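Engineer: Take a look at the following structure, please.
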Amino acid sequence: MIQLIKKDLKLFFGNKQDWILTFILPIIFITLFSFVFGKMGGTDEDNLGGLVHVVAGTSVMMLLFSVAGIGGSLLDEKQDGMLKKLLCSPINPRHILYGKLVYANIISIVQLIIMFVYAWLFFGLDFIEHLPSVMLMILVIAYACSGFGVVLASFAKSRKQVQGYSTIVVLVMSSVGGSMVPLFMMPEIMQKLAVVSVNYWGIQGFYDIFLNLLPITDITFLSKVFALIGIGTFLNLVALRMFKRNILKMA
Amino acid sequence: MIDVLNLKKTFDTIEALKGISFNIAQGECYGLLGPNGAGKTTTISIMSTLVEPNEGEINIAGIDLRTNPQECKKNIGVVTQELALYNELSAYDNLLFWGGLYDVPKPELIARIDQTMKLFGLFDRKNDKVKTYSGGMKRRINIASALLNKPKILFMDEPTVGIDPQSRNLIFEVVEKLRKEGMTIVYTTHYMEEAERLCDRIGIIDNGKIIAQGTLNELKTSGSMKESVVISFTNLTDAHHSSIANDWKDLLRFDDTLHFYTMDIQGDLSKIIMKCSNIGLDISKIDIKKINLETIFLSLTGKKLRDT
């Protein structure tokens, strides 16, 4: 499995396009949105709320696009015969999936850390003060999103189809979950629907850390952590089932 | 080395394999030929553990494939028809990855990579990204990646599709070398001359059944295959044709050319020329078509196009 993860990381670090999509594009969005929404409030607390919303919302949304791309890479490997060759080798077929999930987690964690470091350096979002809580949130968000790409890929036939699906699903999840417009500005029904999205729990978790100043042991904050773990576990189980049923199907 | 007995496979309602059996000895190169959709890929996919059969027994290097596929995988190498390579990685990194999937200690693996790249004439380009390689070079690396675990059995599924003659020749030389070293090879191809050159025995598969099997000589003599003498004339008329057809039943006419079919070309050639001369035919060209794998293949599987 380590071989598979190392290979994916080598491919990632050797591909400028992946770098741009994973790190540069989210930074551009955060910069733009922070200038627009991060300074709109009347008070410092309002401004901080806007900034947290922009950083958390944009990061989770872009993270979903990144993991969708990782799912798409599985289909590239199937189409180009790599998956077939992997299945002829003595590795356990499940390790192919686990390798992708661990890789997705690594990229997600790095992506989220870079976003928060950027927001800290350029917009003064002091996450160092809340480091344990932020790191816990980053870990569970990465876990929650990791299976998303594989689940999408199992319904598609090619990377292009994954891109098409991911654009729709991520934008819907992000708008419902509050990544684009803060939830309090939405109708009640949308606020109820939001609980099905990773974005909602991620944003609420960061609100708890930065705005409500809840400690890591607080049950309100931990409820968001557990919700994300629950979503991640559900998506990973679906990914495992779909991977065996759809992606590994060779003939 | 490979024993296949009464292998059957059905996909939904399609019977892909209807009970095929064959044995391949160690160090033998066995060619599996057949039209599109005949069952070649299904057979190779089952032998390389990708697809589970519905019925039948398969023994790979003394191991029952159905009960112990993981152990079988350690003994096989698979050269896929697709170029299963990561274009953004160097050839060396590709080989390090594919070889690393087997239990080969790293120093040993690195030595094998260098050795294999030299064998395929790519050592000088080992650090270049695969995307910069030509089609022939990619094909060679694709084969190299299947040899790093030193497999006892190598499955090669159309390994020379779309490459330059030099690369093809190098691949032939490598296959011959591996066979001499005792590796068992199962080779599928649509190029008959490749099978003639490389394979000790050939199995022709069609509609999920092996319809002929043996050495090239055995295949040539097993059926009622006929060689042909193709003679072109400058003054061939219908009258000439009728006159010859009275003496020679197995005959076809195409414009100014007559095709004489015979099982004894040495004995019949002089008779044919004599007859033509006697009726005043002026011969412009004589072509003798000996039996080869292509004629055997076409006579067994037919000339109808298979586009599935």
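The values are calculated or read from the model by the stated rules, or taken from the named source; none is laboratory data. Remember, it's a predicted structure, so these values are computed and weren't measured experimentally. We place every Cβ from the backbone using ideal geometry, glycine too, and count neighbours over all the protein chains shown.
Engineer: Only one of B:LEU119, B:LEU109, B:LEU89, B:LEU154 is among the hydrophobic types (A, V, I, L, M, F, W, C), under 30 Å from B:LEU293 (Cα atoms) and surrounded by fewer than 22 Cβ atoms within 10 Å (Cβ to Cβ); which? Working first, answer last.
Structural biologist: Details: B:LEU109 fails: under 30 Å from B:LEU293 (Cα atoms); B:LEU89 fails: under 30 Å from B:LEU293 (Cα atoms); B:LEU154 fails: surrounded by fewer than 22 Cβ atoms within 10 Å (Cβ to Cβ).
After ruling out the rest, the residue left standing is B:LEU119.
Engineer: Please work out which one of (1) more than 13 Å from chain A (Cβ to nearest Cβ); (2) within 30 Å of B:ILE14 (Cβ to Cβ); (3) among the hydrophobic types (A, V, I, L, M, F, W, C) is the condition B:ILE153 fails and give its number.
Structural biologist: In the conditions (1) more than 13 Å from chain A (Cβ to nearest Cβ); (2) within 30 Å of B:ILE14 (Cβ to Cβ); (3) among the hydrophobic types (A, V, I, L, M, F, W, C), B:ILE153 misses (1) alone.
Engineer: I would also like to ask the following. Out of the residues in region A:65-86 that are at the interface with chain B (Cβ under 9 Å from one of its Cβ atoms) and part of a helix (DSSP H, G or I), state the one that is surrounded by the fewest Cβ atoms within 10 Å (Cβ to Cβ).
Structural biologist: So in region A:65-86, the residues at the interface with chain B (Cβ under 9 Å from one of its Cβ atoms) come out as A:77, A:79-86.
With the extra rule that they be part of a helix (DSSP H, G or I), the set shrinks to A:77, A:79, A:82-86.
Values: A:GLU77: 20, A:GLN79: 13, A:MET82: 23, A:LEU83: 21, A:LYS84: 20, A:LYS85: 24, A:LEU86: 20.
Within region A:65-86, the match that is surrounded by the fewest Cβ atoms within 10 Å (Cβ to Cβ) is A:GLN79.
Engineer: Out of (1) within 12 Å of another protein chain (Cβ to nearest Cβ); (2) under 27 Å from the mean Cα position of the chain (by Cα), what's the single condition that is false for B:GLY34?
Structural biologist: (1)
Engineer: Among the residues of region B:215-243 satisfying the criterion of being of a type in the set (Ser, Thr, Tyr) and assigned to a helix (DSSP H, G or I), which is modelled with the lowest pLDDT? Lay out the reasoning, then the answer.
Structural biologist: Going through region B:215-243, the residues of a type in the set (Ser, Thr, Tyr) turn out to be B:215, B:221-222, B:224, B:228, B:232, B:234, B:237, B:242-243.
With assigned to a helix (DSSP H, G or I) added as a condition, the list becomes B:221-222, B:242-243.
Values: B:THR221: 73, B:SER222: 70, B:SER242: 89, B:SER243: 89.
The qualifying residue modelled with the lowest pLDDT is B:SER222.
Engineer: Give all pairs with beta carbons closer than 7 Å in which a residue from region A:85-114 that is closer than 16 Å to A:SER73 by Cα and among the small types (Gly, Ala, Ser) meets a residue that is part of a helix (DSSP H, G or I) and at pLDDT 90 or above; count only pairs at least 6 apart in sequence or on separate chains.
Structural biologist: Note: pairs meeting the criteria are A:SER108/A:ALA142.
Engineer: I'd like to verify a number: residues in region A:137-164 that are touching a residue at least 40 places away in the same chain (Cβ under 8 Å), touching a helix residue (DSSP H, G or I) at 6+ places or on another chain (Cβ under 6 Å) and in a helix (DSSP H, G or I), how many?
Structural biologist: Here the count works out to 17.
Engineer: Considering region B:64-105 alone, what residues qualify as being assigned to a helix (DSSP H, G or I) and either more than 11 Å from every other protein chain (Cβ to nearest Cβ) or touching a residue at least 12 places away in the same chain (Cβ under 8 Å) (or both)? Full working, then the answer.
Structural biologist: As a first pass, look at region B:64-105 and keep what is assigned to a helix (DSSP H, G or I): B:69-74, B:91-100.
Those that are assigned to a helix (DSSP H, G or I) and either more than 11 Å from every other protein chain (Cβ to nearest Cβ) or touching a residue at least 12 places away in the same chain (Cβ under 8 Å) (or both): B:PRO69, B:CYS72, B:LYS73, B:LYS74, B:ALA91, B:TYR92, B:ASN94, B:LEU95, B:LEU96, B:TRP98, B:GLY99.
Engineer: Which of the residues belonging to region B:146-195 are of a type in the set (Lys, Arg), farther than 27 Å from B:ASP206 by Cα and assigned to a helix (DSSP H, G or I)? Reasoning before the result, please.
Structural biologist: Restricting attention to region B:146-195, the residues satisfying the condition of being of a type in the set (Lys, Arg) are B:150, B:152, B:168, B:177, B:179-180.
Of the ones still in play, those that are also farther than 27 Å from B:ASP206 by Cα are B:150, B:152, B:177, B:180.
Listed by number, the residues that qualify are B:LYS177, B:LYS180.
Engineer: I've got another one for you. If I filter region B:195-239 down to residues being free of Cβ contacts under 8 Å to residues at least 60 places away in the same chain and crowded, with 18+ Cβ neighbours inside 10 Å, which single residue comes out as nearest to the chain's Cα centre (by Cα)?
Structural biologist: B:ILE231
Engineer: Here is a further query. Quick test of your reading of the structure: B:LEU65 fulfils all but one of (1) hydrophobic (A, V, I, L, M, F, W, C); (2) surrounded by fewer than 17 Cβ atoms within 10 Å (Cβ to Cβ); (3) under 25 Å from the mean Cα position of the chain (by Cα). Name the failing condition by number.
Structural biologist: (2)
Engineer: On to the next question. Looking at region B:13-22, is at least one residue within 9 Å of another protein chain (Cβ to nearest Cβ) and touching a helix residue (DSSP H, G or I) at 6+ places or on another chain (Cβ under 9 Å)?
Structural biologist: First, the residues of region B:13-22 that are within 9 Å of another protein chain (Cβ to nearest Cβ): B:16.
Then keep just the ones that are touching a helix residue (DSSP H, G or I) at 6+ places or on another chain (Cβ under 9 Å); that gives B:16.
Taking every residue of region B:13-22 in turn, at least one turns out to be within 9 Å of another protein chain (Cβ to nearest Cβ) and touching a helix residue (DSSP H, G or I) at 6+ places or on another chain (Cβ under 9 Å).
Engineer: Can you list the helices (runs of 4 or more DSSP H) found entirely within region A:170-251 that contain at least 3 residues being more than 21 Å from A:LEU139 (Cβ to Cβ)?
Structural biologist: Details: elements: A:188-193, A:198-210, A:219-242.
Qualifying helices (runs of 4 or more DSSP H): A:188-193.
Engineer: Could you grab me the full set of residues in region B:261-287 that are hydrophobic (A, V, I, L, M, F, W, C), modelled with pLDDT of 85 or more and not in a loop (DSSP other than H, G, I, E, B)?
Structural biologist: Residues of region B:261-287 that are hydrophobic (A, V, I, L, M, F, W, C), as a first pass: B:263, B:265, B:269, B:272-274, B:276, B:279, B:281, B:283, B:286.
Retained after the next criterion (residues that are modelled with pLDDT of 85 or more): B:269, B:272-274, B:276, B:279, B:281, B:283, B:286.
Those that are hydrophobic (A, V, I, L, M, F, W, C), modelled with pLDDT of 85 or more and not in a loop (DSSP other than H, G, I, E, B): B:LEU269, B:ILE272, B:ILE273, B:MET274, B:CYS276, B:ILE283, B:ILE286.
Engineer: Which residues, taken from region B:250-260, are of a type in the set (D, E, K, R) and at pLDDT 85 or above? Before the answer, list the steps.
Structural biologist: Start the filter on region B:250-260 by keeping residues that are of a type in the set (D, E, K, R), which leaves B:250, B:253, B:255-256.
Across region B:250-260, the qualifying residues are B:ARG253, B:ASP255, B:ASP256.
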